[in-house]
Each structure stands twice: as structure tokens, then as C-alpha cells.
Amino acid sequence: MKLKGEIVEIDKLDKKDIDEMYKLMTEYYDNMEKKAFFKDLYDKKYCIVLRDEKENIKGFSTQKIINFSIEEKKIYGIFS
């Protein structure tokens, strides 16, 4: 299976995408509650989405950009 990856802003995902993502989570993780899934999803800014030839989502990883300062130096990080 060949997959195509893209980075999408969370607020640009449509309902079909989010439903497919939630379905994947429930298939591979026990006790995945919808409320917890949505809380985590909307706490992030971006999503790396992997799609098959039919544009179905086969994998994803949500990403949050974190920025803070240490000794007046700006630090950026990514939290998945």
C-alpha cells in the first residue's frame, strides 16, 4: 500500500477526516473515549495525515507547536 502524507491545520479537517481518525484510534487503542479524542485533537494545531490511493486516512499524528523562553532565548518545540 502506497501512502501520501500531508500536513493539515486541525481546523481545516472536515467531519469525514475526523470520523476516520477517531475510527482508527478506536481500532488500535483500548478505552478511547470520544470526548478525550476531541479534547486532544483540538488542543493541537496541525495534523500529519497519511492517505491511501482512495484518499482514506490510514494514519495520522497530531502536532502542537510549543514556544517558551529560557534565559531570554526563544525555544520552539513540537509535541505530538
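A few points about this structure:
- Residues of the stretch 26-67 that are open to solvent by less than 40 Å² (accessible area, probe 1.4 Å) and not basic (Lys, Arg): PHE37, LEU41, CYS47, VAL49, ASP52, ILE57, GLY59, SER61, THR62, GLN63.
- Residue match in the stretch 50-60 (condition: touching a Ser or Thr at 6+ places or on another chain (Cβ under 8 Å) and at pLDDT 95 or above): no
- Test: ILE10 is of a type in the set (Val, Ile, Thr), open to solvent by less than 50 Å² (accessible area, probe 1.4 Å) and under 11 Å from the mean Cα position of the chain (by Cα): yes
- Residue in the stretch 69-80 that is open to solvent by less than 50 Å² (accessible area, probe 1.4 Å) and among the β-branched types (Val, Ile, Thr) present: no
- Where a residue in the stretch 57-78 is farther than 19 Å from LYS44 by Cα and its partner, wherever it lies, is at pLDDT 95 or above and not β-branched (Val, Ile, Thr), with Cβ under 7 Å and at least six apart: LYS58/LEU3; LYS58/LEU50; LYS58/ARG51; LYS58/ASP52
The values are calculated or read from the model by the stated rules, or taken from the named source; none is laboratory data. The model shown is predicted, which means the values in this text are computed figures rather than measured ones. FYI the Cβ positions are ideal-geometry reconstructions off the backbone, even for glycines, and counts take in every protein chain you see. Ligands, DNA and RNA are stripped out before the accessible areas are found, and what is left, the full protein with its side chains, is counted by its heavy atoms. Shrake-Rupley method; radii C 1.70, N 1.55, O 1.52, S 1.80 Å.
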